[in-house]
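Scroll down for the structure; my scribbles are underneath it.
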Amino acid sequence: MHDLISLCIPCMNRTSDLKAVMPSILKAARVSPPVQVAILDYNTQDDLAAYLVSITNEFTDGVSLNYLRYEGHSYFHMAHARNLSVLASIGDYVVISSCDIKLDFDFFTVIREHIERDNPAWMNFMNEMGVVIIERNEFINAGGFDERFEFYGSEDKDLYLRLLRRGAQHSILPGKKFYAITTPDAEKIKNYREPLSKAEMDKRGKVFYWQNIAEGVMVANLEGWGAWN
């Protein structure tokens, strides 16, 4: 059994970070193919497209690239961008990451071992929730990330709690097989619609987070999510 795993990464004006982590992504993907790297260009204004063209020949031997560009917003919308990155993929399982996440060489190997042994609907590495690993159909059926989470915040925690309420089979993976490179907070928040701090953004999102808990929500975005306009 060799399911296609898609690594889904939305990117807006953070190509310098993507360049720093891409060698680790390609190395990990080559160790355990097939892997699709799905890059969602969220109306970026830097050299993302040119960079991907320059490394096209590195996507071989079961490692593929899918690049799609979205131009509907002039600012970054966290949940929407992450949803679009999944819709830009075709993998049986998706790993929803960020453009500043480096992978260990055995990242996909560990995930694939658990898929083939336990067939879980979703997984996370112990004590780590920033990278979502989930069966694509389960993600779709759960309504993706709640698109009320526009800013940096708890969109991943909200998804995890909905998956638990849905009773989706879950595996906790051993150790930690990824880490974020050092990027100033000013770079991480510069593309959002409002000039808020990370703490202020998280506070905004907590309103939806606690509402979904109180109401026992299992499916977000009952209609119209992941729109390309």
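The values are calculated or read from the model by the stated rules, or taken from the named source; none is laboratory data. Since we're looking at a predicted model, the values are computed, not measured. Positions of Cβ are generated from backbone atoms using ideal geometry, with glycine treated the same way; all protein chains shown enter the neighbour counts.
Yes or no, residue by residue, for (1) modelled with pLDDT of 95 or more; (2) within 27 Å of Ala142 (Cα to Cα):
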site: Thr183; (1), (2): no, no
site: Glu187; (1), (2): no, no
site: Lys190; (1), (2): no, no
site: Lys198; (1), (2): no, yes
site: Gln211; (1), (2): yes, yes
site: Glu215; (1), (2): yes, yes
Item checked: All positions within the range 39-60 that are under 20 Å from Phe105 (Cα atoms) and in contact with a helix residue (DSSP H, G or I) (Cβ under 6 Å, 6 or more places away or on another chain) -> Glu58
Note to self: Against the conditions (1) assigned to a loop (DSSP other than H, G, I, E, B); (2) closer than 30 Å to Pro34 by Cα, where does Glu223 fall short? Just the number, please.
What the structure shows: (2)
Notebook entry, point to check: Could you say which residue among Asp3, Asp61 is under 19 Å from the mean Cα position of the chain (by Cα) and either among the hydroxyl-bearing types (Ser, Thr, Tyr) or at pLDDT below 95 (or both)?
Noted result: Asp3
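If only one of Ala28, Ala49 is at pLDDT 95 or above, assigned to a helix (DSSP H, G or I) and surrounded by fewer than 20 Cβ atoms within 10 Å (Cβ to Cβ), which one is it?
Of the residues listed, the single one that is at pLDDT 95 or above, assigned to a helix (DSSP H, G or I) and surrounded by fewer than 20 Cβ atoms within 10 Å (Cβ to Cβ) is Ala49.
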Notebook entry, point to check: Residues of the range 87-109 being surrounded by fewer than 19 Cβ atoms within 10 Å (Cβ to Cβ) and within 16 Å of Pro174 (Cα to Cα), which ones?
Noted result: Asp104, Phe105, Asp106, Thr109
Next item on the list: Check off (1) within 15 Å of Val95 (Cα to Cα); (2) of a type in the set (A, V, I, L, M); (3) buried (at least 18 other Cβ atoms within 10 Å of the Cβ) for Met129 and give me the number that stays unchecked.
Entry: (3)
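To keep it simple, each residue is scored yes or no on (1) basic (Lys, Arg); (2) in a loop (DSSP other than H, G, I, E, B); (3) in contact with a Ser or Thr (Cβ under 7 Å, 6 or more places away or on another chain); (4) over 25 Å from Tyr179 (Cβ atoms).
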{"position": "Arg69", "(1), (2), (3), (4)": "yes, no, no, yes"}
{"position": "Ser74", "(1), (2), (3), (4)": "no, yes, no, yes"}
{"position": "Asn83", "(1), (2), (3), (4)": "no, no, no, no"}
{"position": "Val94", "(1), (2), (3), (4)": "no, no, yes, no"}
{"position": "Ser98", "(1), (2), (3), (4)": "no, yes, no, no"}
{"position": "Phe105", "(1), (2), (3), (4)": "no, yes, no, no"}
{"position": "Thr109", "(1), (2), (3), (4)": "no, no, yes, no"}
{"position": "Glu128", "(1), (2), (3), (4)": "no, yes, no, no"}
Margin query: Can you tell me which condition Val217 does not meet? The list is (1) closer than 20 Å to Cys8 by Cα; (2) crowded, with 16+ Cβ neighbours inside 10 Å; (3) touching a helix residue (DSSP H, G or I) at 6+ places or on another chain (Cβ under 7 Å), and all the others hold.
Written below: (1)
Next item on the list: Would you check if there is a residue in the range 118-126 being assigned to a helix (DSSP H, G or I), surrounded by fewer than 21 Cβ atoms within 10 Å (Cβ to Cβ) and either charged (D, E, K, R) or in contact with an Asp or Glu (Cβ under 9 Å, 6 or more places away or on another chain) (or both)?
Entry: yes
